[in-house]
Amino acid sequence: MLVPVLLFIVGLLFLIKGGDWFVDGASALARRFHLPELLIGATVVSIGTTLPEVMVSTMSAVSGHGEIAYGNAIGSVICNSALIAAITIAVRPGKVDPKTLRVPVAFFFAAAAIYCVAAYAMGEFTRPLGFVMLAMFVAYMVANVLQMKKAPAAAEAEAEAENAGEEMSLTKTLVLLVLGAVLILCAAGLLGYNRWDAARAEKASQEVLGELEQTMQKTITEHQQENETAAPQPVLDPTQEMTTVEVEGRDYIGVLSIPAVERELPVMAQWSYAGLKIAPGRYSGTTYGDDLVICGHNYAMHFSPIKWLAIGSSVYFTDADGLRWSYEVESVETLRPTQIEEMTTDTETDNWDLTLFTCTSGGGSRYAVRCVRKGYPVRVTDAAE
């Protein structure tokens, strides 16, 4: 998990420097062509600073997570119009030209009206609605360009006089704009990679989960046809191996369910770095031996939230034979990466039957959730659905 942290840091640095250059270039452009800086902010700067959100939203939509894109669009508008505007006004209050604000405000409320229609009347975002909003953006830019042509030079005459000695050449202005935009795009890619990778992992695990459950259902149906039922207290052989099911060329041992954090994930028969990008995997042990250890990536939709599990939370594991094992969280520990024996070995003072673990955000430690088995496993058909 160290690589995502480094990508985040580098992306943040790129974003800061890119934004600085972009704003400098935009301000110089406004002074050179005698345009109100508010108008430049509503067009050139707004597009440049929105590039990271465009990149993240595009990656989310392409990976099949349009909800993230919608939420990002709405959340960024709220943040910009409330938080950023509030900070700016608090630090440097000032007057604005009402004529300059008319076009942005009109389109702002028009876009809000479309979102209200989608949320309260239609209940969905359709493709035609997307084209309508795209057309609105084009109209917004055209309206701003027309307004720029009518912008009086006198409005900026005083500011221009103050900065006459600092006027930047057109070449340098354009270079700053381009370099700033490039750095912002790079930052968007670096900062958005983690979210894209997490969305990809979620989609991959859910696709496998669907196929795995279908295959496991066939096994359950076979047991039903043979009139097999689980014994009230079955004999658990610690040496018994767990049945595996092959899905898309990989072996899986069952499905892990954690209701408290709304996670239902397939579990691979053997973990690997490549495999963890799809689903959690068995690190060691078995359910029969009461020493099963499952590891998973710190993805938001995989094992990231397990560190918040409360003592007593229920955890379920349904194996490939259709047996449902019930567990209860007993403790949550933080271990060093070198504490492998402590992670996998049951002791008299640390008695557990199932362990779930993942790395911390920086990768320097491991969160280990210790669980104890509650009763004996039952067939899925016998368990309360």
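Give the residues of segment 257-295 that are within 19 Å of LEU209 (Cβ to Cβ) and among the acidic types (Asp, Glu), sorted by residue number. Of everything in segment 257-295, those that are within 19 Å of LEU209 (Cβ to Cβ) and among the acidic types (Asp, Glu) turn out to be GLU262, GLU264. When the criteria are applied in full, TYR288 fails the requirement of being modelled with pLDDT of 95 or more, within 18 Å of TYR376 (Cα to Cα) and of a type outside the set (D, E, K, R).
Would you confirm, using the coordinates I've provided, whether THR215 is at pLDDT below 80 and outside the structural domain of PHE303 (by TED's automatic domain parsing)? So THR215 does not fit the description; no.
Being over 19 Å from LYS99 (Cα atoms), at pLDDT below 70 and of a type in the set (Asp, Glu) narrows it down to one residue among GLU156, GLU166; which is it? Give the derivation first.
Values: GLU156 fails: over 19 Å from LYS99 (Cα atoms).
Selected residue: GLU166, the only one of GLU156, GLU166 that is over 19 Å from LYS99 (Cα atoms), at pLDDT below 70 and of a type in the set (Asp, Glu).
Just a yes or no: is a residue in segment 218-226 over 28 Å from THR355 (Cα atoms), at pLDDT 70 or above, outside the structural domain of SER326 (by TED's automatic domain parsing) and of a type in the set (Ser, Thr, Tyr)? Within segment 218-226, one or more residues are over 28 Å from THR355 (Cα atoms), at pLDDT 70 or above, outside the structural domain of SER326 (by TED's automatic domain parsing) and of a type in the set (Ser, Thr, Tyr). Out of the residues in segment 294-347 that are touching a Leu at 6+ places or on another chain (Cβ under 6 Å) and more than 27 Å from ALA274 (Cβ to Cβ), which is surrounded by the fewest Cβ atoms within 10 Å (Cβ to Cβ)? So, considering only residues that are touching a Leu at 6+ places or on another chain (Cβ under 6 Å) and more than 27 Å from ALA274 (Cβ to Cβ), the one surrounded by the fewest Cβ atoms within 10 Å (Cβ to Cβ) is VAL329. The single condition among (1) modelled with pLDDT under 80; (2) assigned to a helix (DSSP H, G or I) that VAL96 does not meet is (2). Looking at the structure I just gave you, is THR50 surrounded by fewer than 18 Cβ atoms within 10 Å (Cβ to Cβ), over 30 Å from TRP196 (Cβ atoms), modelled with pLDDT of 65 or more and out of contact with any Lys or Arg (no Cβ under 9 Å at 6 or more places or on another chain)? The answer is no for THR50.
The values are calculated or read from the model by the stated rules, or taken from the named source; none is laboratory data. What you see is a predicted model, and the numbers here were worked out from it, not measured in a lab. Note that each Cβ is placed from the backbone with ideal geometry, even for glycine, and that neighbours are counted across all protein chains shown.
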